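Please read the structure below before turning to the comments.
The values are calculated or read from the model by the stated rules, or taken from the named source; none is laboratory data. The model shown is predicted, which means the values in this text are computed figures rather than measured ones. As a convention, Cβ positions derive from the backbone with ideal geometry for all residues, glycine included, and neighbour counts pool all protein chains shown. The area values use the complete protein model at the heavy-atom level, side chains included, leaving out ligands, DNA and RNA. Shrake-Rupley method; radii C 1.70, N 1.55, O 1.52, S 1.80 Å.
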Amino acid sequence: MFTMEGVVLKLPSFSQFVNPNYFSHRTPLKFPFNFPKSSSFSTASLSVPVPVPVPAATPVSLGHSTRPDFEILHQNVNNGSKLVYLDNAATSQKPSAVIDAVNNYYKSYNSNVHRGIHFLSARATDEYEMARRKVANFINASESSEIVFTRNATEAINLVAYSWGISNLKAGDEIIVTVAEHHSSIVPWQILCEKTGAVLKFVSLTEDEVPDIKMLQDLLSNKTKLVAVHHVSNVLASVLPIKDIAQWAHDVGARILVDACQSVPHMVVDVQNLGVDFLVASSHKMCGPTGVGFLYGKSELLAAMPPFLGGGEMIADVFLDHSTYADPPSRFEAGTPAIGEAIGLGSAIDYLSQIGMQKIHDYEVDLANYLYENLHTIPGVRIYGPAPSQTVHRAALCSFNVEGLHPTDIATFLDQQHGIAIRSGHHCAQPLHRYLGINASARASLYFYNTKEDVDDFIRALVDTIGFFSSFK
């Protein structure tokens, strides 16, 4: 075995064991059209026109049409294999427009925001605040002041836990989460419960491996103060009915926070329609830079929350014996923010909006089904989460295991021998993996710039990987 628990060892070159021609490469399309050679022109030829068959245009998929915008995808890795990037649930790639926007900030108007009257500072402030308005419009917040820039979604959740949570929870109050939450939406609530004496309640899974919504309803009571759930699971690919859950939470006087890291990049998300109180997402999963995320909070909730961090920018006045604080969102953005990154996020939103989020979602649903159906045909493969159907739409990812193989061995071989980038591990969801009776899984996750050819390459490479390791048994 090439790995130990918690240790990844560099595999040797397997070219000495595996026939590189084990799987032939995709044959280029050939069009059998015979065009006549040029001949001398004659007016007589016009008397009897000869119809020339015109081949039907092959529709270009969204993946094929957008790939030219992502330079990073057009490279060979390791042993010269073409890169196939299927790790989008961890982070997405960035189009040239986003990279150019960040580069232009640093080249043309790098300056601190809000605290200068000169040209560079004024322009940086305008672009930074424009990015905030773009985020607000993208998720249909009622006003841009409901958007707080953070380092990432994790910090956004911690902001709510420390600011809203400590102020509003007491001993005996309850927070409801599911066993399928990311660690960033479990650990902050555990810390909050330790500080306040509140109780954390967990919703388990159904037989279909989706969070049990009926159990969630049954757990709701007048003790419930917060429901914190994901919109789309980064492991199970399941989608929760957030609008219904928000209504049920409000019916008992509770608030709802939604981890939308796996939904905002992939579908239309309308916070007013969903009726959520808080929602968090990360830039880097939606074609934007790392180092910036955002918190959406209803204006009346943010206005009543104390600061999360103290320092510059978040104050109104500072005296020797006390300070007064700025209105939201500045109250929660202490210090110099990630200016270039926020501007890059705004550019990413422009890019996604130009394509259209509904178009992205529709394309990814088809791609998700194609991935699931092909992966499901491989003997010994166990896919986690619900099976797709007319009523169940999976997100464009599959977490899986292969009988008898460690997921890290699978991911390592796919990378070193085939240039296929997937993820292995617990995906920051250890409680979920323990619930499923496993320690880790492999995960292939897609975005709109992926294609069915990418899926085909992955499936062929996975079959080769399984064959290689099976040869040692």
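Assorted remarks:
- Taken together, the residues in the range 361-378 that are under 16 Å from Val232 (Cβ atoms) and among the β-branched types (Val, Ile, Thr) amount to 1.
- Residue list for the range 75-106, filter: in a strand (DSSP E or B) and surrounded by fewer than 15 Cβ atoms within 10 Å (Cβ to Cβ): Asn76
- Answer residue from the range 250-291, given it is of a type outside the set (Val, Ile, Thr), in a helix (DSSP H, G or I) and touching a residue at least 60 places away in the same chain (Cβ under 8 Å) and is farthest from Ala342 (Cα to Cα) among those: Asn273
- In the range 356-370, the condition of being buried (at least 22 other Cβ atoms within 10 Å of the Cβ), out of contact with any Leu (no Cβ under 8 Å at 6 or more places or on another chain), in contact (Cβ under 8 Å) with a residue 60 or more places away in the chain and closer than 16 Å to Pro265 by Cβ is met by no residue.
- Filtering the range 442-473 to residues that are modelled with pLDDT of 95 or more and not in a helix (DSSP H, G or I) leaves Ala442, Arg443, Ala444, Ser445, Leu446, Tyr447, Phe448, Tyr449, Asn450, Thr451.
- Residues (open to solvent by 40 Å² or more (accessible area, probe 1.4 Å) and within 27 Å of Leu274 (Cβ to Cβ)) located in the range 308-342: Phe308, Asp327, Glu341
- Val271 meets all of the listed conditions (1) at pLDDT 95 or above; (2) open to solvent by 10 Å² or more (accessible area, probe 1.4 Å) but one, namely (2).
- Among the conditions (1) farther than 22 Å from Leu240 by Cβ; (2) among the aliphatic types (A, V, I, L, M); (3) in a helix (DSSP H, G or I); (4) free of Cβ contacts under 8 Å to residues at least 60 places away in the same chain, the only one that Ala171 does not satisfy is (3).
- The set of residues in the range 428-448 being open to solvent by 20 Å² or more (accessible area, probe 1.4 Å) and within 22 Å of the chain's Cα centre (by Cα) consists of Cys428, Gln430, Pro431.
- Residue that is nearest to the chain's Cα centre (by Cα) [pool: residues in the range 292-301 that are crowded, with 24+ Cβ neighbours inside 10 Å and not in a loop (DSSP other than H, G, I, E, B)]: Gly293
- Within the range 225-253, if we keep just the residues that are more than 25 Å from Asn369 (Cα to Cα) and crowded, with 21+ Cβ neighbours inside 10 Å, the residue that is nearest to the chain's Cα centre (by Cα) turns out to be Ala228.
- Among the residues of the range 188-218, those that are open to solvent by 30 Å² or more (accessible area, probe 1.4 Å), closer than 19 Å to Asn168 by Cβ and outside any strand (DSSP E or B) comprise Gln190, Ile191, Glu194, Lys195, Gly197.
- Residues that are touching a residue at least 24 places away in the same chain (Cβ under 8 Å), outside any loop (DSSP other than H, G, I, E, B) and open to solvent by less than 30 Å² (accessible area, probe 1.4 Å) were ranked within the range 107-128; the one that is farthest from Pro337 (Cα to Cα) is Ala124.
- Criterion violated by Ala180 - all others in (1) in a helix (DSSP H, G or I); (2) in contact with a strand residue (DSSP E or B) (Cβ under 6 Å, 6 or more places away or on another chain) satisfied: (1)
- Among residues of the range 291-344, those that are of a type in the set (Gly, Ala, Ser) and touching a strand residue (DSSP E or B) at 6+ places or on another chain (Cβ under 6 Å), counted: 6
- Criterion: more than 20 Å from Ile139 (Cα to Cα), under 19 Å from the mean Cα position of the chain (by Cα) and of a type in the set (A, V, I, L, M, F, W, C) - qualifying residue of Leu375, Leu397: Leu397
- Test: residue in the range 186-201 that is polar (S, T, N, Q) and farther than 25 Å from Ser163 by Cα: no
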